[in-house]
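The values are calculated or read from the model by the stated rules, or taken from the named source; none is laboratory data. Given the structure is predicted, the values throughout are model-derived calculations rather than measurements. Note: ideal-geometry Cβ built from the backbone for every residue, glycine included; neighbour counts use all protein chains shown. Side chains included, ligands, DNA and RNA excluded: accessible areas come from the protein's heavy atoms. Shrake-Rupley method; radii C 1.70, N 1.55, O 1.52, S 1.80 Å.
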Amino acid sequence: LTGDVPTMIGSLTRLEMLGIYENDFSASIPTEIGYLTSLQNAFLDSAGLEGTLPTEIGNLQSIEEFQVYGNLLTGALPTELGLTPLRKIRFYGNFFSGSIPEEIGLMSNLDAIYLDDNALTGTIPGNLSTCPMLADIRMYNNQLTGTLPDLSMLDNLALFYMDHNFLTGSIPQSLFNSSSSSLTDLQLQMNKFDGSMPDLLENAILLKTLNLANNNLEGTIPKNIGTAKALKKLLLYGNSFDG
């Protein structure tokens, strides 16, 4: 399909699922989408969509999953996202810019957020730790700066991909503490982290991939790395380890 996404879509107030993916609309998402208060799943990925995300998505009080990946969307992420009951945000592969809104920390149902492959700047919101269901965080290949926030309260965190940014400071020991024992994949390569490599405590029993390559880490590799029995991929090259 080509052309515009019809504004009359807003009259379908009983709509629970909207799927217009894999098209070539070359159009923006109509603001009338905000009238779809029964909408639970929106699959708008790879549809040739452009322009900005309408702030009216904050009216979607039944929405659980919103996919707009692989489009040409630009501008800032609307703060109104924090008003929704979303569980899954998949916004990767666009041209979103600006900072990640702090209002995401208000989303108590959120379990997966994919913001990778955009042009986002600023820091990672520290209040992500107030999203108790978060298990999958992907913000790689952006222009994020600052340090990693304390995510030790995220008991379900399994996948954490922050590689290919401009993050600095030390890698928090809390990522490997008991409250993060569900962690399976940690991708922090191609940043500017410094200091020593944190200890892999016995609680990191599910960790399968640890990629800290191409940072500014130094010192020795912790001897207790052998406690990570599930580890299959360990990538530490491009640092300044010794001993």
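Annotations
- Debye log10 I(q)/I(0) for region 1-81, one point scatterer per Cα, at q = 0.11 Å⁻¹: -0.24
- Surrounding net charge for Gly219, when Lys and Arg each add one and Asp and Glu each subtract one, Cβ distance under 14 Å: -3
- Three principal axis extents of region 103-185 based on alpha-carbon atoms, in descending order, are 30, 27, 19 Å.
- For region 155-243, diffusion coefficient by Stokes-Einstein and Kirkwood Rh (Cα), 20 °C, 1.002 mPa s, µm²/s: 167
- As a length-normalised measure over Cα pairs under 8 Å and 6 or more apart, the relative contact order of the chain settles at 10 percent.
- Of Thr227, Thr37, Thr168, the one that fluctuates the most in a GNM where the chain has Cα springs shorter than 10 Å: Thr227
- Max mean-square fluctuation residue, GNM over the chain, Cα-Cα springs under 10 Å, options Leu18, Leu115, Leu60: Leu18
- Additional length obtainable on full extension of the chain from Lys192 to Gln173, 0.36 nm per residue less Cα span: 5.2 nm
- In whole percents, the pair-distance distribution calculated for the chain from its alpha-carbon pairs, binned every 5 Å from zero, is 1, 6, 13, 17, 18, 13, 10, 8, 6, 4, 2, 1, 0, 0.
- What the Cβ-Cβ distance of Asn127 and Asn224 gives, at R0 = 35 Å and to the nearest 0.05, is a FRET efficiency of 0.65.
- Atom-type composition of the exposed protein surface of the chain places 51 percent of the accessible area on carbon and sulfur (1.4 angstrom probe).
- Candidates Asn216, Asn141, Asn23, ranked by Gaussian network fluctuation over the chain, Cα under 10 Å, top entry: Asn23
- For the chain, the solvent-accessible area of protein heavy atoms averages 44 Å² per residue (probe radius 1.4 Å; ligands and nucleic acids excluded).
- Lysine pair count for the chain [Cα-Cα under 19 Å; pairs on different chains or 8 or more apart]: 6
- Extended-chain gain in nm, criterion 0.36 nm per residue less alpha-carbon gap, Thr74 and Phe95: 7.1 nm
- Distance from the C-alpha centroid of region 158-229 to that of region 22-88: 33 Å, rounded to the whole angstrom.
- For region 145-232, relative contact order (Cα pairs under 8 Å, six or more residues apart, normalised by length) works out to 27 percent.
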